[in-house]
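Structure first, commentary second.
The values are calculated or read from the model by the stated rules, or taken from the named source; none is laboratory data. Note that this is a predicted model, so its numbers are computed, not measured. Virtual Cβ from ideal backbone geometry, glycine too; neighbours counted across all protein chains shown. Just the protein is used for accessible areas: all its heavy atoms, side chains included, with ligands, DNA and RNA removed. Shrake-Rupley method; radii C 1.70, N 1.55, O 1.52, S 1.80 Å.
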Amino acid sequence: MPNRWELTNRLNPDRANAHRDTDHDGLRNLGEFRHTTNPTDEDSDNDGHDDGDEVTDGLHSTDVDEADTEEDGIEDGDEDADDDAADNEDEDDAVENCVADDADADADNVSDEDENDFGTRVHDADSDNDGTDDGDEDADGDDVDNEDADDDADNSCDDDQDEDDDEDDDQD
């Protein structure tokens, strides 16, 4: 990897880091360079589908450089390419580690991969600028805040990982 690229992407050019996965998206830094994605952003095109998944899933309906590969108005993460009733972004949730799965770049308590489900932006905690963080909004009107919409009894992380979707700031 060229030093200039590493510096631009906040990597240390004096360290051997090609085989590291800085953003925990399943795509090593060398792969990020080859696919022209951001090694510090698990979803470079902000479509809800991690870069590593888009590169390795073998689906023609997703492209790591395009948020809506099929140009059908549905972002790649919300597509169901294999018709199994699970969105592409949710396919591997059961096997992803907690840190990668629950990344929240803007600290609004809505994971980056779920921001597109609510029509909110990954790097803006208050996407509609109404003074209420996206996690505290109720985008679908079901009386459940966005931050709690994807929670269930099986949502847990290892003791050394943080997942905090509760209003009470309890550690799960």
Per residue, how big is the convex hull around the C-alpha atoms of region 3-46? Give it to me in cubic angstrom, could you?
61
Sequence-distant or interchain residues sharing an amide H contact under 5 Å with Asp63, placed H: which?
Thr69
Accessible area of Thr36 in the full protein assembly, 1.4 Å probe (Å², nearest 10)
110
Name the trypsin sites (Lys or Arg not before Pro) in region 1-65 that are in a loop by DSSP and that have at most 15 other C-beta atoms within 10 Å, would you?
Arg10, Arg15, Arg20
When averaged across all projection directions, what area in nm² does the alpha-carbon convex hull of region 20-69 cover?
2.8
With every protein chain kept in place and a 1.4 Å probe, region 1-110 has an accessible area per residue in Å² of 54
Debye log10 I(q)/I(0) for region 1-124, one point scatterer per Cα, at q = 0.10, 0.19, 0.20 Å⁻¹:
-0.30, -1.02, -1.11
